[in-house]
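This report refers to the structure that appears directly beneath it.
The values are calculated or read from the model by the stated rules, or taken from the named source; none is laboratory data. Just so we're clear, the structure is a prediction, and the values are computed from it rather than from any experiment. Note that each Cβ is placed from the backbone with ideal geometry, even for glycine, and that neighbours are counted across all protein chains shown. Side chains included, ligands, DNA and RNA excluded: accessible areas come from the protein's heavy atoms. Shrake-Rupley method; radii C 1.70, N 1.55, O 1.52, S 1.80 Å.
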Amino acid sequence: MGFFEKYLTLWVALCIGVGIFIGKMFPALFKFLGSLELMHVNLVVGVFVWLMIIPMLMKIDFGALHQVTRHIKGMMVTLIVNWAIKPFSMAFLGWLFLKKIFYSYLPADQIDSYIAGLILLAAAPCTAMVFVWSHLCLGDPYFTLCQVALNDTIMIFAFAPIVGILLGISSLHVPWGTLLLSVAFYIVLPLLIGQGLRTKILKEGGSEKLHQVLNFLHLPTLVALLATLVLLFGFQGKIIVQNPFVILLIALPIILQVYFNSAFAYFLNRIFKVEHCAAGPSALIGASNFFELAVATAISLFGLESGAALATVVGVLIEVPVMLSVVEIVKRTKNWYER
């Protein structure tokens, strides 16, 4: 482990602080960067996500994709956690914490809206960042790609009904443009670019050259991760400074939900004797969220200034630091898992 990776937690903390500070000091700059979006998908964040996931997608050899069949049990765990447990556990935790434990500390007229935002966040499994989490915990890239593709397919049909049931909305408006654009922008295009670069490099220099290029891109990938963190916290710097206590209370059930679902998936994979290289990504996708879709849906349903929109934004803010801690747990428990 290099110096940069060894102290990644420190860099994350610094980037959070820098993002909040710059966002508060230069709101006009972040307002401009935030306006560079298409169907609620921010293009600046998208570029940094590309820098993170394209090197990982370059590792995939489609000729060897059939090997993912040995991880069928891990795929089943992923589906169970993402669609049968995660949205409902988040609804329960949101009700327990925001409507019971923290009720007297929150604006009463916004509590239902906050819970709605949490449900929207949990009902959309991660699409792009899971490639980063999988890479950091040495997960199987073929398994990761297949589970993301399967989740995205299911999400097109299941997102609206599940959210509709939990929110009690019979005619839920799903921002299909955001959903389809995100899948194309975060999966299809990076995959095409990654595979194009892989083919070109292998043709010119073989597998040794590809290995050298991937090693060279390792540090820029981590820098892109930290730059994304600065941007996300910079976009919401004003909100964080104005509502720190409310944000903290909303964050607690989200954090608990992340650890609960990742631990449940991890243990379930261990019971079914799934290899660690698949159990890690399975646990991570079961904990992380497709926040672009959640934020867009919250805004379209409840409005930009709603409690639901704020709750989804809190999910965005804690996504990276909390998921990095889950990655670290998965890595450190590998010997115990395989025992």
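Among HIS276, HIS218, the sequence by solvent-accessible area, most first, with a 1.4 Å probe is HIS218, HIS276. Rounded to the nearest 500, the 222 nm mean residue ellipticity of the chain from helices alone is -24500 deg cm²/dmol, with -39,500 (n - 2.57) taken per DSSP H run of at least 4 residues.
Using 32 Å as the Cα-Cα cut-off, could you pick out the over-long pairs in LYS209/LYS334; LYS31/LYS200; LYS86/LYS203; LYS99/LYS334; LYS86/LYS200; LYS59/LYS334? Kindly include the intermediate steps, with their values, before the conclusion.
Numbers: LYS209/LYS334 30 Å; LYS31/LYS200 39 Å; LYS86/LYS203 44 Å; LYS99/LYS334 38 Å; LYS86/LYS200 41 Å; LYS59/LYS334 22 Å.
Where the Cα-Cα span goes over 32 Å, the pairs concerned are LYS31/LYS200; LYS86/LYS203; LYS99/LYS334; LYS86/LYS200.
Could you sort TRP95, TRP133, TRP336, TRP50 by accessible area so the largest value comes first, with the probe set to 1.4 Å? Please report the intermediate quantities before stating the final value.
Details: TRP95 110, TRP133 0, TRP336 80, TRP50 60 Å².
From most accessible down to least: TRP95, TRP336, TRP50, TRP133.
Altogether, the Stokes-Einstein calculation at 37 °C and 0.692 mPa s, with the Kirkwood radius of segment 233-274 over Cα pairs as Rh, returns a diffusion coefficient of 265 µm²/s.
Along the axis of the charge dipole computed for the chain (Cβ charges of +1 for Lys and Arg, -1 for Asp and Glu, origin at the Cα centre), the listed residues LEU226, THR9, ASN335 are led at the positive end by ASN335.
Expressed as a fraction of 2.2 N^0.38 Å, the C-alpha radius of gyration for the chain is 0.96. Here's the list of lysines a cross-link from LYS24 could span, going by alpha-carbon distance under 16 Å and ignoring same-chain residues fewer than 8 apart: LYS238.
Which of the three applies to segment 114-251, rounded, prolate or oblate, going by the alpha-carbon gyration tensor with a ≥ b ≥ c and a/c under 1.5 meaning rounded? Kindly include the intermediate steps, with their values, before the conclusion.
Details: a/c = 2.77, a/b = 1.55, b/c = 1.79.
Taking the square roots of the gyration eigenvalues as a ≥ b ≥ c, segment 114-251 is oblate.
Accessible area per residue, 1.4 Å probe, Å², for the chain: what's the number? Mind dumping the intermediate values first?
On the way: 15130 Å² over 339 residues.
On a per-residue basis, the chain sits at 45 Å².
Peptides 281-288, 148-155 ranked from most to least packed give 281-288, 148-155, packing being the mean of other C-beta atoms within 10 angstrom over each peptide's residues.
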